[in-house]
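The structure appears right after this line, and notes come after that.
The values are calculated or read from the model by the stated rules, or taken from the named source; none is laboratory data. Worth saying up front: this structure is predicted, and the values here are computed from it rather than measured. Virtual Cβ from ideal backbone geometry, glycine too; neighbours counted across all protein chains shown. Accessible surface areas use protein heavy atoms only, side chains included; no ligands, DNA or RNA. Shrake-Rupley method; radii C 1.70, N 1.55, O 1.52, S 1.80 Å.
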Amino acid sequence: MKKLIGIAAVSGAMLLALTGCASGGSAASEGPKPLDELVVGFAQVGAESGWRTANTKDIQASFEEAGIELKFSDAQQKQENQIKAIRSYIQQQVDVIAFSPVVETGWDAVLNEAKAAGIPVVLTDRAVDSQDDSLYVSFLGSDFVEEGEKAGQWVLDEYADASEPVQIIQLEGTTGAAPAIDRAEGFAEVISANPNLEVVASQTGDFTRAGGKQVTEALLKSNPDVDLIYAHNDDMGLGAIEAIEAAGLEPGVDIKIVTVDAVKDGMQALADGKINFIVECSPLLGAQLVDIVKQINDGETPEKRIITEETTFTQEEAIEALPTRQY
Ligand code: AHR
């Protein structure tokens, strides 16, 4: 028994040492720093959408309010720029690195560098696809598969009585990005319950309004009988509206539209009847990210996965929510 307790104590000590090393930070070794001495490096994806702009503003405002210095970089949707930014934060020996990975794969090398430097990493908004979950301390963001499922459920209900095939065009987010992969997966899974629901075309619009417009213009030509567009974000849905109107059709009526995000412009289009349903994805992650940074600074272990609470909106609900919508 004594021997067992001894082994447990040694393993515990080793684990502590390892955790201290992995989460680095001065907190474990020297105690918490005053907040005005903390420095956080944030590597943002870009400014591709209304969602992203709201997310950036919220994060910057939350750190300012907390009195914590935030170094901010915009990767313009390029993974190599994000990797460069993270490397520069490592060089500058910031206390915590946070980032929203533009795509899921290809992060192990740079995250191992952060780990070796003893700098804890927090993922916000998007996940990385890695076998090694010790490369980040916490992942704060939405459940994108669930968002896709909610969109799929609305389509399933809307066409429950359809006896003929329903043609769907999917406007995908950035290729390889977690929300593009997961929203497609959740949607496909749910609509598979009705064999009449058919995705006849699926292409990336890179989460931008221009991309959504361009792809819809092209796809309407090859799929003139399309019934519904499922866009992985509001901006691409708003681009699709422009393309549908330019083709002399009525968005929301001739072609139904379902999107994800619920930013103000999207909600306005829903209130106007040009979009039919929106699944919310909240960009307001700043306050929770500040909390995680404070926990790390205090030597606490933040929850590994923190899922954002979100809802869905019909036209009536959008009309009601719009006057107080924050973003
Ligand atoms: O990762 C979140 C997604 O990224 C948002 O849904 C989209 O608008 C943004 O570009």
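Identify, from the list D133, D157, the residue that is under 22 Å from D261 (Cβ atoms) and either more than 16 Å from the ligand (Cβ to nearest atom) or of a type in the set (F, W, Y) (or both).
Of the residues listed, the single one that is under 22 Å from D261 (Cβ atoms) and either more than 16 Å from the ligand (Cβ to nearest atom) or of a type in the set (F, W, Y) (or both) is D157.
Sort out which residues of segment 167-178 are within 13 Å of the ligand (Cβ to nearest atom), crowded, with 23+ Cβ neighbours inside 10 Å and not in a helix (DSSP H, G or I), and write them in order of number.
Correct list: L171, E172, G173, T174, A177.
Select the strands (runs of 3 or more DSSP E) contained entirely in segment 204-291, then report the ones holding at least 1 residues which are charged (D, E, K, R), crowded, with 20+ Cβ neighbours inside 10 Å and within 11 Å of the ligand (Cβ to nearest atom).
It comes to 256-261, 277-280.
Tell me which residues, restricted to segment 27-58, are away from the ligand (no atom under 16 Å from the Cβ) and either of a type in the set (S, T, Y) or under 13 Å from the mean Cα position of the chain (by Cα) (or both).
If the condition is that a residue be away from the ligand (no atom under 16 Å from the Cβ) and either of a type in the set (S, T, Y) or under 13 Å from the mean Cα position of the chain (by Cα) (or both), then S29 is the only one that fits.
Can we say D182 is away from the ligand (no atom under 16 Å from the Cβ), open to solvent by 10 Å² or more (accessible area, probe 1.4 Å) and of a type in the set (D, E)?
Against the criterion (away from the ligand (no atom under 16 Å from the Cβ), open to solvent by 10 Å² or more (accessible area, probe 1.4 Å) and of a type in the set (D, E)), D182 does not qualify.
Looking only at segment 137-165, which residues are in contact (Cβ under 8 Å) with a residue 12 or more places away in the chain, farther than 18 Å from R183 by Cβ and open to solvent by 70 Å² or more (accessible area, probe 1.4 Å)?
Answer for segment 137-165, where residues must be in contact (Cβ under 8 Å) with a residue 12 or more places away in the chain, farther than 18 Å from R183 by Cβ and open to solvent by 70 Å² or more (accessible area, probe 1.4 Å): S163, E164, P165.
Only one residue in K256, K264, K213 is outside the structural domain of A98 (by TED's automatic domain parsing) and touching a Leu at 6+ places or on another chain (Cβ under 6 Å), so which one is that?
It is K256.
All but one of (1) outside any helix (DSSP H, G or I); (2) open to solvent by 50 Å² or more (accessible area, probe 1.4 Å); (3) touching a strand residue (DSSP E or B) at 6+ places or on another chain (Cβ under 9 Å) hold for Q76; which doesn't?
Just one mismatch for Q76, condition (3).
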